[in-house]
Amino acid sequence: MRCPECGASNLPDAEICVACGEPLDDPTRSEDGEDPRLGRVLGGKLRLDSILGEGSMGCVYAAHQLELDAEVAVKVLHDHVAADPKVAKRFHREARTASRLTHPNTLRVFDFGREDDGKLLYLVMELLDGPDLLELAHEEGPFTPRRIDELVGGVLAALEEAHDAGIVHRDLKPENILVVTDHQGREHPKVCDFGLAKLVEAEGSAITVTGFVCGTPEYMAPEQARGEALDARADLYAVGCLLYLLLAGEVPFRGKSALATITDHLTKPVVPPSVRAPDRHVPHALERVCMRAIHKAREQRFANAGEMREALHAAVEALGPLADRPLGSFEEDPTRPKAPTRWRAWHAIVGAAALVGALVWVSSRGPGRNPRDAGLEPSVARRDAGADAGEALDAGPDDAGLDGLGDGGPGDGGPGDGGPEDAGPEDAGVVVDAGRRRAATP
């Protein structure tokens, strides 16, 4: 609300001006607090029936389209906001911008109108019945990976169309995403409120509003916080923060103030979702998609919404049947990288060396193979056999010829290398005999 005395901007429900201390009156409210616009017919065809919501820029009404007997939503700017020519121009641009978008995951905008000699500005939109994504996450989370893919993937599909048209949302957050259910019970996300959208035109024009902060701190990309020119990757950062919320149950950063939150986005490293919420056992592949999307350097993020959508879908599909179980209900993760081949091979070498040593020791104590028969004391035989095993254990990976491990090369330990896998029953005796001969050699 703009102060009539000093012209300073205040919150819509403020009673006293923060700048001059003068009392503020809201001319759109009656003495009993009821909105006088309720019941009014706009343009001779739209009757405002009830209030759906209210924000700093305007109020959204459920309205009845008289000629078509249809229900729609009408967004009306607050009087003090509409009085600013710059805001009025932005609002008109919102109508033109949003009307270009026809993707089923985008809220449809049908019309734009003026009343009272341009003092009342309104937007006609489709009326949706459903919770926003933040409400849904709090009420029904944690989701299954497949549900996350469908919801976030739907948002990315809507952004893909907008970005191709040169439109950057700039205020993407779960409160701006409504989830509706069709007659078959399928969920569909709807991206709403392109009121802050920036249309990247050839001349590079942009409208700014004095004292109006563009974006929401919890979902604001670092370059947006710095006031730099934005592109589609700022929206992908916001989607990454949204994905983080669905994976970990909370946003990456939430400071004690808006400024503290923005500072965290600029300076603090992101704690991976699996560390933030270990009880949810976030799959590795999903976490990788999320962490790439919220990289502080936009050059390291996904190039476009389509690329991120495909990566998210592939990460979920890699989970197989686990994709249909809620996060936290399973610990298996087929997408987590296995130990490096070289490390696994070294474990195999150590195990094989220990086995050979054990066979040598057992064979030296077999019937008719008493060490005394070979002219040695038992302690000498055991010491020599243990030394052979110790030599194998002391050999590092390089000494054991591990450069070719895992790829079928020499020293692989696989078929054709003369390793344990190639030894048949008759070869096992040769190994034992060789060990026995070493134990009996003076």
Fill in: lysines with Cα under 26 Å of Lys256, excluding same-chain neighbours fewer than 8 positions away
Lys173, Lys268, Lys296
Item to complete: Could you order peptides 113-122, 292-301, 169-178, 219-228 by the average number of other Cβ atoms within 10 Å of their residues, highest first?
Response: 169-178, 219-228, 292-301, 113-122
Fill in: Highest-first arrangement of 74-81, 246-253, 275-282, 259-266, where packing means the average Cβ count within 10 Å
74-81, 246-253, 259-266, 275-282
Practice prompt. Within 10 Å, count the other beta carbons around each residue, average over each peptide in 283-290, 237-244, 328-335, 85-92, and list them highest first.
Written response: 237-244, 283-290, 85-92, 328-335
Worksheet item: Spin-label point model (7 Å from Cα, Cβ direction): what's the Ala165 to Gln184 distance in nm?
Response: 2.5
Worksheet entry | HN-Hα J in Hz across segment 153-168 - Karplus 6.51, -1.76, 1.60, θ = phi - 60°, x for Gly and Pro | x, x, 4, 5, 5, 5, 5, 4, 5, 5, 5, 4, 8, x, 10, 10
Item to complete: Please order Lys268, Lys45, Lys190, Lys256 by the number of other Cβ within 10 Å, starting at the fewest.
Response: Lys256, Lys268, Lys45, Lys190
Worksheet item: If the chain between His138 and Ala260 were fully stretched, how many nm would it gain, using 0.36 nm times the residue separation less the Cα-Cα distance?
Response: 41.5 nm
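Read-outs: derived from the displayed coordinates by stated rules, not from any lab. Bear in mind the structure is a predicted one, so any value in this text is a computation, not a measurement. Cβ coordinates were reconstructed from backbone atoms using ideal geometry, including for glycine residues, and neighbour counts include every protein chain displayed.
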